[in-house]
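Student: Just dropping this structure here.
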Ligand SMILES: Cc1ncc(C[n+]2csc(CCOP(=O)(O)OP(=O)(O)O)c2C)c(N)n1
Ligand code: SF4
Ligand SMILES: [Mg+2]
C-alpha cells in the first residue's frame with residue numbers, strides 16, 4: 001500500500017464543479033480529495049456512491065470509481081457492492097433529505113448490519129437541489145416555500161438516530177474545519193464496518209448561516225464541545241459533568257477540571273453516546289463535535305464471506321453436476 | 001424401456017415385517033392410462049408433504065407427472081374451515097402430459113371443509129375418500145354444511161369411501177406410547193399408504209424419506225411408518241376397496257430424471273449460470289409469496305459462493321443486486337408483482353447505467369396485495385412499461401417448470417452480453433408446480449463467460465460494441481478506467497453528464513435499439529399439416545393447458561397451430577410473419593389481454609383474446625371450448 005504516492009491532484013476529476021459559489025460542499029470536496037492519498041489505496045479500489053441532491057454530485061468530482069444513483073438508495077447499492085467486493089473501499093455520499101427522508105430505511109439497516117461503508121451525510125438542514133424545502137433535520141417552525149407558516153415536524157438528530165440503529169462508528173464534523181474533518185475521516189477509514197459522519201454543511205442559497213454559531217470566532221469557542229477519546233469533554237466556556245445519573249453542562253469556572261467527564265468513544269454502552277448526542281438541540285448553542293462512538297463489532301461483509309468460506313471448508317467447493325443430480329432421481333433407459 | 005429408481009424395488013419393512021408388495025396385491029388390477037389425484041385437508045394436515053411423497057414415488061415409476069399445490073393465503077386459517085383448506089393435485093400418466101389435469105379422478109378429503117372446498121371440481125363418477133371420523137356435527141357446521149354430506153345423498157353420483165382414517169390410525173399406533181393427538185398427526189401417512197396400495201406405488205423411497213426426516217425422533221418415525229403400512233394394508237384387506245390400478249411408465253427420452261418445481265429450477269439455473277459465467281451470484285431479495293422459495297433455495301448454496309442478501313425492502317433488494325452487478329457479480333433479485341412496483345425506479349437506473357441485472361417476477365393475483373397464493377399473468381405490462389421515461393427492459397417468460405432452468409441461463413446470457421435489466425416472468429403456477437426434468441449434462445450447457453473492460457488509456461465508458469450496442473462492463477478494481485456513472489443522461493461515448501437535446505434523443509434511441517436488436521431464437525410454430533387457419537398463441541405458464549387442448553383438438557380432426565412466446569421483449573424476429581400467416585390468432589392469457597394489447601399495437605394484428613383471472617391455471621377443456629368458439633364462429 002505504502003508504495004503508492006498519490007496526491008490531491010490525482011483524486012481530482014476533469015469535471016467542472018457546479019455547486020453554487022460559497023457552498024459548503026466545496027470545502028468538504030477539497031478536504032476529501034486531500035485526504036484520499038493518505039489512505040494508501042489505489043484509486044481503482046475506491047468507490048463513491050451517492051444518492052440525489054446537491055451533495056450527491058460529489059462522486060463526479062473525484063478521480064475514483066463513482067456512481068450517482070437515485071434518491072435515498074445509495075446505502076443499498078453500496079451494500080451490494082461492498083459485500084460482494086470486500087477488496088474495495090466504499091464511501092456513501094448523502095444529504096439530510098437523501099439519507100433521512102427517502103432513504104431513512106436503507107441508512108438504518110446499513111448501520112445495524114455494520115456493512116463496510118463510510119457514510120458522509122452532508123447536513124445543510126434543507127433540501128438544496130429542489131430549491132429550499134424544509135428537511136427532516138430542519139428546526140421546527142422553519143419557514144420555507146413548502147412551509148410558509150412554519151414547519152410542524154420534530155427534526156431528527158442524525159447522531160441519535162444512527163446510535164439507535166446500532167451504528168458502531170458515529171461522528172460529527174463541520175464543512176469548514178478541514179483539520180477536524182480530516183481527523184474524523186482518518187479514524188473512520190480504519191474502523192471496520194459502517195461509519196456515519198454527519199457533516200454540518202452550509203447552503204448559502206437556501207439556508208445560509210445555519211451553522212454560523214459554530215463557525216464565528218466570537219461564538220464557536222463556547223458552542224463546540226470537543227469529543228476526543230481520553231480527553232475531557234468541554235468547550236472554551238463549558239464542560240460536561242455527571243449529575244444524578246445524567247450529563248449536565250456547566251460553566252468551566254464553576255467546576256474543577258477533574259470533575260469533567262473524560263470521553264470514552266469505545267464505551268460499549270450506546271446509552272453513553274446517545275446521552276452525548278442529546279446535549280445539542282436544534283438551537284446549536286452547545287454542540288458536541290468529534291467521534292461519539294467507535295466500537296468494534298464484526299462487520300457484515302466479512303461475516304457473509306466467512307460463512308461462505310466455512311461452508312466451503314467443511315463441504316468442499318460446490319459441484320454443479322452433483323447439485324443438478326441431487327435429490328430423488330431415476331433413470332429411464 | 002426399463003425403470004430403476006435409486007431405491008430399487010418397493011420393499012416395505014416396518015416393525016420387522018418385510019413385505020414385497022408386488023407379490024401381495026391380490027385384488028383385481030385395472031390398467032389406466034392416466035389419473036388425477038387431489039389430496040385436500042386442513043393446512044395443518046400435511047397435504048403438501050403427502051402430495052410431494054406420492055409425486056416422488058410416482059416419478060420413480062417412470063410415469064410422466066405434473067403437479068399443482070394450492071395453499072390458502074393464511075398460514076393457519078381457523079382449523080376445519082373452508083379458507084383453511086390446502087390441497088395438492090397431481091396428474092400422472094403412461095404418456096406425455098402437459099397439465100396437472102382439469103378434474104380430479106380421486107379426491108382425498110381429510111375433513112368436511114376439504115370436501116366442501118373441492119367437490120365443485122369433481123366430475124360425476126369420480127372417487128372420493130373421506131376421513132369419516134372428521135365428519136362430526138361440529139366440523140360439519142364449521143365447514144358450512146347444514147347436514148352431513150355423507151348422509152344426505154348429495155354425493156350420490158360419486159364413489160365415496162368413508163374411511164375411519166383417524167381412528168384406524170390411532171388404533172394402529174396404540175402400541176407406540178404417544179398421546180392421541182400425536183398419533184392423529186400420522187393420519188396423512190395412512191392416506192398415503194392407502195393410495196400407494198391403490199396405485200401400486202413403491203414404498204421404499206417414502207420409508208427412507210421418513211427415516212431421514214424423523215431419524216432423530218424414533219417414536220414419530222415409528223408412528224409414521226406404521227400409519228403408512230396400516231393404510232396400505234387397509235386397502236389390501238378390506239372389502240371397501242375392490243380393485244387397484246396400475247399405470248404403465250410413460251415413454252420418455254432416455255436419461256436421468258428428477259422432479260423439479262419452477263422456483264427450484266430457477267434457483268438451479270442461476271447457480272448453473274454463475275458457474276458457467278464464472279461470475280459470483282448475488283441475490284438481493286425480500287420475502288414475498290410466491291417467490292420466496294427462490295431465496296430459500298439459493299441460501300442453501302453457499303458452497304457455490306452464492307451470496308444471498310435478505311434486504312430491508314424490495315428497493316434495497318434490487319439496489320444491492322445492482323451494486324453487486326456494478327462490482328462484476330451476477331446481480332439478481334427475486335420478487336412478485338408488488339415488489340416489482342417498488343423496484344421500478346432502480347430498474348430504470350439499471351437501464352441508464354447499462355449494467356446487467358436479472359429481475360425474477362413470480363406473478364400472483366393482483367392488483368395490490370391481490371391473491372398472494374394464486375396465479376395470474378397480469379404483470380406483463382408492468383414489467384414492459386412500468387418505468388418512467390423510455391426505459392426498455394428485456395422480458396423472458398418460461399413456459400413450464402423445467403423451462404425455468406433454461407430461461408435462467410438465457411437471462412444471464414442476455415443481461416451480461418447486452419448489459420441490460422432482464423425480467424424473468426414466472427408465475428405461481430409454474431413456480432410451485434412440478435414435472436419430471438431430464439437432468440442436463442454439464443457439457444450440454446452454454447458457455448456464458450463474460451469480458452470485463454481492461455486497463456486502457458482514455459477509457460470511454462459509453463463506447464458501444466458495434467454488434468451488441470452494449471457499453472463496456474467496467475468494474476471497480478481495474479486500474480486506469482476509473483469513471484463516474486449515474487442516472488443523469490449520459491453523453492455518448494464519454495458517459496459524462498449531458499443535457500444536450502440531440503444527445504438525449506440519440507441515447508434514448510440507442511438504448512431502445514440495443515434491446516430491440518437482442519438475439520433471440522425464432523418462434524417455433526407447431527402446425528403439422530401446415531395449413532391450419534387458426535393459431536393458438538400463448539406465453540408463460542399457459543403452455544401446458546394449450547398444448548393439452550391442442551392434442552385433443554387434433555385428435556378430433558381439428559386443424560390448429562400452436563406457438564408459445566418465451567421472449568416477450570424483444571419479440572422473436574419471425575413473429576410478424578407468423579401472425580400474418582394465420583387469419584385467426586387466439587391468445588389465452590390469465591389477465592385481461594395484455595399480450596393481445598402488445599400484439600395489436602406492435603403488429604396491427606387483431607388477435608382474439610381468451611382471458612380469465614380465476615387465480616388458477618386454465619383447464620384443458622376451457623382452452624378447447626375457446627378454440628372451438630373461434631373455429632366455428
Ligand atoms: C424519487 C425522487 N423523488 C424526489 C426527487 C427530487 N429531489 C431531488 S434532491 C431532493 C432533496 C435533496 O435534499 P438533500 O438530500 O438534503 O440534498 P441537498 O440538495 O440538500 O444536498 C429531492 C426531493 C428525486 N430526485 N427523486
Ligand atoms: S443550493 Fe445550497 S447546497 Fe445546493 S449547491 Fe447551492 S449552496 Fe450548495
Ligand atoms: Mg440537504
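Student: Out of (1) in contact with a strand residue (DSSP E or B) (Cβ under 6 Å, 6 or more places away or on another chain); (2) under 23 Å from residue B:310 (Cβ atoms); (3) within 14 Å of ligand 3 (Cβ to nearest atom), what's the single condition that is false for residue A:103?
Tutor: Evaluating residue A:103 over (1) in contact with a strand residue (DSSP E or B) (Cβ under 6 Å, 6 or more places away or on another chain); (2) under 23 Å from residue B:310 (Cβ atoms); (3) within 14 Å of ligand 3 (Cβ to nearest atom) leaves (1) as the failure.
Student: Run down B:88, B:54 and say which single residue is at pLDDT 90 or above and touching a strand residue (DSSP E or B) at 6+ places or on another chain (Cβ under 6 Å). Full working, then the answer.
Tutor: On the way: B:54 fails: touching a strand residue (DSSP E or B) at 6+ places or on another chain (Cβ under 6 Å).
Only one candidate qualifies: B:88.
Student: Also: Please enumerate the residues belonging to region B:303-317 that are in a helix (DSSP H, G or I) and more than 7 Å from chain A (Cβ to nearest Cβ).
Tutor: Listed by number, the residues that qualify are B:314, B:317.
Student: What number of residues within region A:172-210 satisfy the criterion of being under 19 Å from residue A:157 (Cβ atoms) and more than 13 Å from ligand 2 (Cβ to nearest atom)?
Tutor: Total meeting the criteria: 9.
Student: Within region B:237-255, is even one residue away from every other protein chain (no Cβ under 14 Å), at pLDDT below 95 and in a helix (DSSP H, G or I)?
Tutor: Within region B:237-255, one or more residues are away from every other protein chain (no Cβ under 14 Å), at pLDDT below 95 and in a helix (DSSP H, G or I).
Student: I've got another one for you. Can you find a residue that is surrounded by fewer than 23 Cβ atoms within 10 Å (Cβ to Cβ), modelled with pLDDT of 95 or more and more than 12 Å from ligand 2 (Cβ to nearest atom) anywhere in region A:51-58?
Tutor: Checking region A:51-58: not a single residue is surrounded by fewer than 23 Cβ atoms within 10 Å (Cβ to Cβ), modelled with pLDDT of 95 or more and more than 12 Å from ligand 2 (Cβ to nearest atom).
Student: Out of the residues in region B:318-334 meeting the condition of being part of a loop (DSSP other than H, G, I, E, B) and within 7 Å of another protein chain (Cβ to nearest Cβ), tell me which one is farthest from residue A:74 (Cα to Cα).
Tutor: B:329
Student: Hey, which of the helices (runs of 4 or more DSSP H) in region B:163-231, taking only ones fully inside, have at least 1 residues that are surrounded by 20 or more Cβ atoms within 10 Å (Cβ to Cβ), within 31 Å of the chain's Cα centre (by Cα) and modelled with pLDDT of 90 or more?
Tutor: Correct list: B:187-198, B:204-214.
Student: What are the residues in region B:418-435 that are surrounded by 24 or more Cβ atoms within 10 Å (Cβ to Cβ) and over 13 Å from residue B:347 (Cα atoms), if any?
Tutor: B:424, B:425, B:426, B:427, B:428, B:429, B:430, B:431, B:432, B:433, B:434, B:435, listed by residue number.
Student: I'm told residue B:280 meets every condition in (1) at the interface with chain A (Cβ under 7 Å from one of its Cβ atoms); (2) within 29 Å of residue B:353 (Cα to Cα); (3) within 24 Å of the chain's Cα centre (by Cα) except one. Can you identify the failing condition by its number?
Tutor: It is condition (3) that residue B:280 fails.
Student: Is one or more of the residues making up region A:139-150 under 25 Å from residue A:36 (Cβ atoms) and either within 16 Å of ligand 1 (Cβ to nearest atom) or not in a loop (DSSP other than H, G, I, E, B) (or both)?
Tutor: The answer is no, given that none of the residues of region A:139-150 is under 25 Å from residue A:36 (Cβ atoms) and either within 16 Å of ligand 1 (Cβ to nearest atom) or not in a loop (DSSP other than H, G, I, E, B) (or both).
A quick yes/no check of all residues on (1) closer than 24 Å to residue A:24 by Cβ; (2) more than 16 Å from ligand 2 (Cβ to nearest atom); (3) within 15 Å of the chain's Cα centre (by Cα):
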site: A:82; (1), (2), (3): no, yes, no
site: A:86; (1), (2), (3): no, yes, no
site: A:92; (1), (2), (3): yes, yes, yes
site: A:96; (1), (2), (3): yes, no, yes
site: A:103; (1), (2), (3): yes, yes, yes
site: A:115; (1), (2), (3): no, yes, yes
site: A:124; (1), (2), (3): yes, no, yes
site: A:134; (1), (2), (3): yes, no, no
site: A:141; (1), (2), (3): yes, yes, no
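Student: Out of all the residues in region B:456-469, which are surrounded by fewer than 18 Cβ atoms within 10 Å (Cβ to Cβ) and over 23 Å from residue A:61 (Cβ atoms)?
Tutor: B:465, B:466, B:467, B:468
Student: For the condition within 16 Å of ligand 1 (Cβ to nearest atom) and either part of a strand (DSSP E or B) or without any contact (Cβ under 8 Å) to a residue 24 or more places away in the chain (or both), what is the one hit in A:58, A:48?
Tutor: One residue alone meets the criteria, A:48.
Student: Which ones in region B:505-532 are touching a strand residue (DSSP E or B) at 6+ places or on another chain (Cβ under 6 Å) and either assigned to a loop (DSSP other than H, G, I, E, B) or within 14 Å of another protein chain (Cβ to nearest Cβ) (or both)?
Tutor: Result: B:520, B:523, B:527, B:532.
Student: Scan region B:470-504 residue by residue and report those that are away from chain A (no Cβ under 14 Å) and farther than 15 Å from residue B:352 by Cβ.
Tutor: Of everything in region B:470-504, those that are away from chain A (no Cβ under 14 Å) and farther than 15 Å from residue B:352 by Cβ turn out to be B:493, B:500, B:501, B:502.
Student: Another question, if that's okay. Suppose we filter region B:292-302 for residues that are touching a helix residue (DSSP H, G or I) at 6+ places or on another chain (Cβ under 7 Å) and either more than 10 Å from every other protein chain (Cβ to nearest Cβ) or part of a loop (DSSP other than H, G, I, E, B) (or both); how many remain?
Tutor: Of the residues in region B:292-302, 5 are touching a helix residue (DSSP H, G or I) at 6+ places or on another chain (Cβ under 7 Å) and either more than 10 Å from every other protein chain (Cβ to nearest Cβ) or part of a loop (DSSP other than H, G, I, E, B) (or both).
Student: Which members of region B:484-519 meet the condition of being surrounded by fewer than 19 Cβ atoms within 10 Å (Cβ to Cβ) and under 30 Å from the mean Cα position of the chain (by Cα)?
Tutor: Within region B:484-519, B:516, B:517, B:519 meet the criteria.
Student: Being crowded, with 18+ Cβ neighbours inside 10 Å, within 22 Å of residue A:278 (Cβ to Cβ) and in contact (Cβ under 8 Å) with a residue 60 or more places away in the chain is true for just one of A:155, A:136. Which residue is that?
Tutor: A:155
Student: Additional query: What number goes with the only condition from (1) within 14 Å of another protein chain (Cβ to nearest Cβ); (2) buried (at least 24 other Cβ atoms within 10 Å of the Cβ); (3) within 16 Å of ligand 1 (Cβ to nearest atom) that residue A:36 does not pass?
Tutor: Result: residue A:36 fails condition (3) only.
Student: Among the numbered criteria (1) more than 17 Å from residue B:321 (Cβ to Cβ); (2) within 16 Å of ligand 1 (Cβ to nearest atom), which one does residue A:77 miss?
Tutor: (1) is the only condition that residue A:77 fails.
Student: Would you check if there is a residue in region A:106-118 being within 25 Å of residue A:85 (Cβ to Cβ), out of contact with any helix residue (DSSP H, G or I) (no Cβ under 6 Å at 6 or more places or on another chain), surrounded by 24 or more Cβ atoms within 10 Å (Cβ to Cβ) and within 14 Å of chain B (Cβ to nearest Cβ)?
Tutor: No, there is no match, as no residue in region A:106-118 is within 25 Å of residue A:85 (Cβ to Cβ), out of contact with any helix residue (DSSP H, G or I) (no Cβ under 6 Å at 6 or more places or on another chain), surrounded by 24 or more Cβ atoms within 10 Å (Cβ to Cβ) and within 14 Å of chain B (Cβ to nearest Cβ).
Student: Could you count how many residues in region A:120-153 are more than 9 Å from ligand 3 (Cβ to nearest atom) and within 14 Å of chain B (Cβ to nearest Cβ)?
Tutor: 0
The values are calculated or read from the model by the stated rules, or taken from the named source; none is laboratory data. All values derive from a computational prediction rather than experimental measurement. Glycine also receives a Cβ, built like all others from the backbone with ideal geometry; neighbour counts cover every protein chain displayed.
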